[in-house]
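The values are calculated or read from the model by the stated rules, or taken from the named source; none is laboratory data. Since we're looking at a predicted model, the values are computed, not measured. All Cβ positions, even for glycine, are placed from backbone atoms using ideal geometry, and neighbour counts span all protein chains on display. To get the accessible areas, we keep the full protein, side chains included, count just its heavy atoms, and leave off ligands, DNA and RNA. Shrake-Rupley method; radii C 1.70, N 1.55, O 1.52, S 1.80 Å.
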Amino acid sequence: MTDAPARTSHRTPLRVLVYSDDATVRERVMAALGTTLHPDLPPLEYVEVATAPVVIANLDAGGIDLAILDGETAPAGGLGIARQLKDEIDPCPPIMVLIGRADDAWLASWSRAEAAVPHPVDPMRLGREVLRLLLPPAQQRPAT
């Protein structure tokens with residue numbers, strides 16, 4: 001289980017990096033999550049990114065609480081970037097990858113991402129996975 005970001009105890013916004021070369025994908029992710037995902041979490045603030053070098057620069061700089069990376073982005077897909085970030089950033093925030101289909105979950109595992117959600121983005125599934133990554137385990141409800 002991933003440790004929740006240290007900033008969840010106060011109201012400083014949680015910064016969520018959303019990477020895709022497709023602005024529509026970025027918009028769908030941000031619309032699905034909104035700015036208030038859970039009453040126990042601070043508001044979400046988004047960092048939209050369309051290129052791999054900017055993803056790496058943002059994570060190198062710190063202050064990102066969660067990265068959502070589109071595995072279908074070209075030329076640098078989110079799966080390869082996720083693996084690179086896990087190798088190079090310490091500590092690395094939780095990473096979620098958006099995969100082309102559910103059968104690509106093995107690629108998400110290879111990337112060392114903590115979560116994977118298939119395209120098209122299902123807002124309920126995306127929200128559940130983000131909560132799992134951001135909420136402290138004691139505040140999570142068991143799945144029913």
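Which of the residues spanning the stretch 95-119 are touching a residue at least 24 places away in the same chain (Cβ under 8 Å) and either farther than 22 Å from Asn58 by Cβ or not in a strand (DSSP E or B) (or both)?
Gly100, Asp104, Leu107, Ala108, Trp110, Ser111, Arg112, Ala113, Glu114, His119
Write out, first by first residue and then by second, each pair whose Cβ atoms fall under 6 Å of each other, whose residues are 6+ apart or on separate chains, and whose first residue, in the stretch 25-45, is more than 23 Å from Gly78 (Cα to Cα) and without any contact (Cβ under 8 Å) to a residue 60 or more places away in the chain while the second is open to solvent by 50 Å² or more (accessible area, probe 1.4 Å) and of a type in the set (Lys, Arg).
Within 6 Å, the pairs are Pro42/Arg11.
To keep it simple, each residue is scored yes or no on (1) exposed (fewer than 15 other Cβ atoms within 10 Å of the Cβ); (2) basic (Lys, Arg); (3) under 16 Å from the mean Cα position of the chain (by Cα).
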{"position": "Thr35", "(1), (2), (3)": "yes, no, yes"}
{"position": "Ala52", "(1), (2), (3)": "no, no, yes"}
{"position": "Val55", "(1), (2), (3)": "no, no, yes"}
{"position": "Leu69", "(1), (2), (3)": "no, no, yes"}
{"position": "Glu72", "(1), (2), (3)": "no, no, yes"}
{"position": "Glu88", "(1), (2), (3)": "yes, no, no"}
{"position": "Ser111", "(1), (2), (3)": "no, no, yes"}
{"position": "Val117", "(1), (2), (3)": "no, no, yes"}
{"position": "Val130", "(1), (2), (3)": "no, no, yes"}
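Which residue out of Ile68, Ile64 is touching a Lys or Arg at 6+ places or on another chain (Cβ under 6 Å) and in contact (Cβ under 8 Å) with a residue 12 or more places away in the chain?
After applying the criteria, what remains is Ile64.
Since Arg11 meets every condition but one in (1) basic (Lys, Arg); (2) closer than 15 Å to Ile99 by Cβ; (3) surrounded by fewer than 18 Cβ atoms within 10 Å (Cβ to Cβ), which condition does it not meet?
All conditions pass for Arg11, except number (2).
Out of the residues in the stretch 37-50 meeting the condition of being of a type in the set (A, V, I, L, M, F, W, C) and in a loop (DSSP other than H, G, I, E, B), tell me which one is surrounded by the most Cβ atoms within 10 Å (Cβ to Cβ). Spell out the reasoning first.
As a first pass, look at the stretch 37-50 and keep what is of a type in the set (A, V, I, L, M, F, W, C): 37, 41, 44, 47, 49-50.
Checking which are in a loop (DSSP other than H, G, I, E, B) leaves us with 37, 41, 50.
On the way: Leu37: 20, Leu41: 22, Ala50: 15.
The extreme case among them is Leu41.
Confirm whether Gly78 is surrounded by fewer than 17 Cβ atoms within 10 Å (Cβ to Cβ) and over 23 Å from Pro136 (Cα atoms).
When the stated conditions are applied, Gly78 does not pass them.
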